[in-house]
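**Student:** Below is one structure. I have some questions about it.
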Amino acid sequence: MAADETRAQILAAARAVLVSDDAFSMEAVARKADVARMTVYYQFGAKTGLLEALMDDLAHQGEIDRHLPAAFQQPDALAALDAFIAAFAHFWASDRVVIRRLQALAALDPVIAAGNEMRQGWRRHGARVIVERLAMEGCPPDAPPSDAVDTLAMLTSFATYDALATSERTLTDVTSLLQALARRALGVGVAG
């Protein structure tokens, strides 16, 4: 149990360092967690291991592991599309500043970028499943499947969410806007 508590303490410290003005380092995280730097290395192996664990923890805290399966279990493709978009909007909103900082680190560090790209690949795979389901259920997107997948992947990205999530828009507003944009861009479920 103590190891789990230490791990949680280090992940909380990593979050805190990411949202501070301090440079992100194992030393900064260890100081913030009030543990020895070697404890951080023991728990996570390296900075990339710590960031991967933080991304996993963010996904869990943002309930993506609960919302995505529910999206794919929706009774029809249009409901699945809406739920898929809502799952990512909810996730991106769950810890927006930390996610923004992680995205910035991924842009600067090729090793972190590789882990981030793998996660983006999972989202793209989910988009492909939704697009295929739309086609199978009689409402194929207007665009070729690869373009439809790219469009849905773009609309469920953090960059798109972050651009739309202004102080004037609630999470519900952003989610509804993204759902409407997706339906229009894909040409599905829109009254003509």
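**Student:** If I filter the stretch 103-137 down to residues being modelled with pLDDT of 85 or more and of a type in the set (Val, Ile, Thr), which single residue comes out as farthest from Ala46 (Cα to Cα)?
**Tutor:** Val131
**Student:** Now for a different question. Within the bounds of the stretch 129-137, is there any residue that is surrounded by fewer than 17 Cβ atoms within 10 Å (Cβ to Cβ) and over 18 Å from Gln179 (Cα atoms)?
**Tutor:** Yes, some residue in the stretch 129-137 is surrounded by fewer than 17 Cβ atoms within 10 Å (Cβ to Cβ) and over 18 Å from Gln179 (Cα atoms).
**Student:** While we're looking at this one, here's another question. Checking Ala93 against (1) within 25 Å of Ser20 (Cβ to Cβ); (2) surrounded by fewer than 16 Cβ atoms within 10 Å (Cβ to Cβ); (3) at pLDDT 95 or above, which single condition isn't satisfied?
**Tutor:** Going through (1) within 25 Å of Ser20 (Cβ to Cβ); (2) surrounded by fewer than 16 Cβ atoms within 10 Å (Cβ to Cβ); (3) at pLDDT 95 or above one by one, Ala93 breaks only (2).
**Student:** Follow-up. What's the number of the only condition in (1) over 25 Å from Leu164 (Cα atoms); (2) surrounded by fewer than 17 Cβ atoms within 10 Å (Cβ to Cβ); (3) outside the structural domain of Val129 (by TED's automatic domain parsing) that Ser20 fails to meet?
**Tutor:** Answer for Ser20: the failing condition is (1).
**Student:** Shifting gears a bit: Between Ala77, Ala70, Ala114, Ala93, which is touching a Cys at 6+ places or on another chain (Cβ under 7 Å) and either among the acidic types (Asp, Glu) or closer than 24 Å to Val149 by Cα (or both)?
**Tutor:** Ala77
**Student:** Show the residue pairs meeting these rules: Cβ distance below 7 Å; 6+ apart or different chains; first residue within the stretch 50-61 and over 13 Å from Ala8 (Cα atoms); second residue acidic (Asp, Glu) and in a helix (DSSP H, G or I).
**Tutor:** Ala59/Asp65
**Student:** Please find, among Arg169, Arg183, the residue that is at pLDDT 95 or above, of a type outside the set (Gly, Ala, Ser) and over 13 Å from Ala93 (Cβ atoms).
**Tutor:** Details: Arg169 fails: over 13 Å from Ala93 (Cβ atoms).
Arg183 is the lone residue from the list that is at pLDDT 95 or above, of a type outside the set (Gly, Ala, Ser) and over 13 Å from Ala93 (Cβ atoms).
**Student:** Return yes or no: is Phe72 closer than 15 Å to Leu178 by Cα and of a type outside the set (Gly, Ala, Ser)?
**Tutor:** no
**Student:** Looking at this structure, is Glu52 surrounded by 18 or more Cβ atoms within 10 Å (Cβ to Cβ) and under 30 Å from Ala182 (Cα atoms)?
**Tutor:** In short, yes.
**Student:** Please determine, by comparing only the residues of the stretch 143-192 that are in contact with a Leu (Cβ under 6 Å, 6 or more places away or on another chain) and in contact (Cβ under 8 Å) with a residue 40 or more places away in the chain, which one is surrounded by the fewest Cβ atoms within 10 Å (Cβ to Cβ).
**Tutor:** Across the stretch 143-192, the extreme among qualifying residues is Gly189.
**Student:** Say whether the condition of being free of Cβ contacts under 8 Å to residues at least 12 places away in the same chain and of a type in the set (D, E, K, R) is met by at least one residue in the stretch 64-83. Even if it seems obvious, please write down each step before you answer.
**Tutor:** Taking the stretch 64-83 and keeping what is free of Cβ contacts under 8 Å to residues at least 12 places away in the same chain, we get 65-66, 69, 73-75, 79.
Then drop every residue that is not of a type in the set (D, E, K, R), which leaves 65-66.
Yes; the residues of the stretch 64-83 include at least one that is free of Cβ contacts under 8 Å to residues at least 12 places away in the same chain and of a type in the set (D, E, K, R).
**Student:** Could you check the stretch 32-81 for helices (runs of 4 or more DSSP H) lying wholly inside it with 2 or more residues that are at pLDDT 95 or above, over 17 Å from the mean Cα position of the chain (by Cα) and closer than 30 Å to Arg128 by Cβ?
**Tutor:** Details: elements: 37-44, 47-61, 64-72.
No helices (runs of 4 or more DSSP H) qualify here.
**Student:** Mind counting the residues in the stretch 60-77 that are buried (at least 20 other Cβ atoms within 10 Å of the Cβ) and over 24 Å from Asn116 (Cβ atoms)?
**Tutor:** Going through the stretch 60-77 one residue at a time, the tally reaches 1.
**Student:** Let me ask you something else. Among the candidates Arg123, Arg101, which residue alone is without any contact (Cβ under 8 Å) to a residue 40 or more places away in the chain, within 30 Å of Ser167 (Cα to Cα), within 16 Å of the chain's Cα centre (by Cα) and crowded, with 16+ Cβ neighbours inside 10 Å?
**Tutor:** Arg123
**Student:** If you check Ile99 against the conditions, is it part of a helix (DSSP H, G or I) and closer than 15 Å to Asp56 by Cα?
**Tutor:** yes
The values are calculated or read from the model by the stated rules, or taken from the named source; none is laboratory data. Since the structure is predicted, the reported quantities are computational estimates derived from the model, not experimental observations. Cβ coordinates were reconstructed from backbone atoms using ideal geometry, including for glycine residues, and neighbour counts include every protein chain displayed.
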